[in-house]
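The values are calculated or read from the model by the stated rules, or taken from the named source; none is laboratory data. Just so we're clear, the structure is a prediction, and the values are computed from it rather than from any experiment. Every residue, glycine among them, receives a Cβ derived from its backbone with ideal geometry; neighbour counts consider all protein chains shown. For the accessible areas, the whole protein counts, side chains as well, though only heavy atoms, and no ligand, DNA or RNA atoms are used. Shrake-Rupley method; radii C 1.70, N 1.55, O 1.52, S 1.80 Å.
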Amino acid sequence: LYTSYIHPFFIVQDALEELYGEVCSEDSTFIDYSKIATSSAFVQYLSLTALLQRCECTTLPHQERLALFINLYNGLFLHSCVVNNECAPPSSSLQLSVFRRSASYTISGYDYTLQDIYNGTKSKSEL
């Protein structure tokens, strides 16, 4: 029996898109941060992020890997807001700097903070 393989990144990305559907305005210009913690899609997203620990991201083409890391940055940002009990993103550059270093995901055995992902995607380096 043949079954197709779906890369864990895509599974997590689909869960993140479902979360956005629950907490974003219809035109996607506003995120209701107060809805995130109680969202069933958030609970599902959190459980699926464990898949990232053992997945191999170097097998993906660079452009796909870059897009997925951008999505993971956004997901980790939302996740950090909930963990830090924040109902809005940091308002100053100092708060943002501290915030970006306060949480991480383990991806392919390596810890990536928001700052690591931001720096990697901004410089277009290998993530």
Task: Among (1) aromatic (Phe, Trp, Tyr); (2) modelled with pLDDT under 90; (3) in a strand (DSSP E or B), the one test that Phe99 misses - done: (3)
Open item on the list: Suppose we keep only residues that are within 11 Å of Pro8 (Cβ to Cβ) and modelled with pLDDT of 85 or more within region 50-67. Which one would you say is least open to solvent (accessible area, probe 1.4 Å)?
Closed with: Leu52
Open item on the list: Pairs needed: first member in region 102-116, without any contact (Cβ under 8 Å) to a residue 60 or more places away in the chain and part of a loop (DSSP other than H, G, I, E, B); second member anywhere, of a type in the set (Lys, Arg) and open to solvent by 30 Å² or more (accessible area, probe 1.4 Å); C-beta distance under 8 Å; at least 6 residues apart or different chains.
Closed with: Ser108/Arg54; Gly109/Arg54
Open item on the list: Can you pull out every residue in region 1-37 that is of a type in the set (Val, Ile, Thr), within 18 Å of Glu86 (Cβ to Cβ) and modelled with pLDDT under 90?
Closed with: Ile31, Ile36
- [ ] Please tell me if Ser40 is crowded, with 16+ Cβ neighbours inside 10 Å, more than 20 Å from Ile6 (Cβ to Cβ) and in contact with an Asp or Glu (Cβ under 9 Å, 6 or more places away or on another chain).
- [x] no
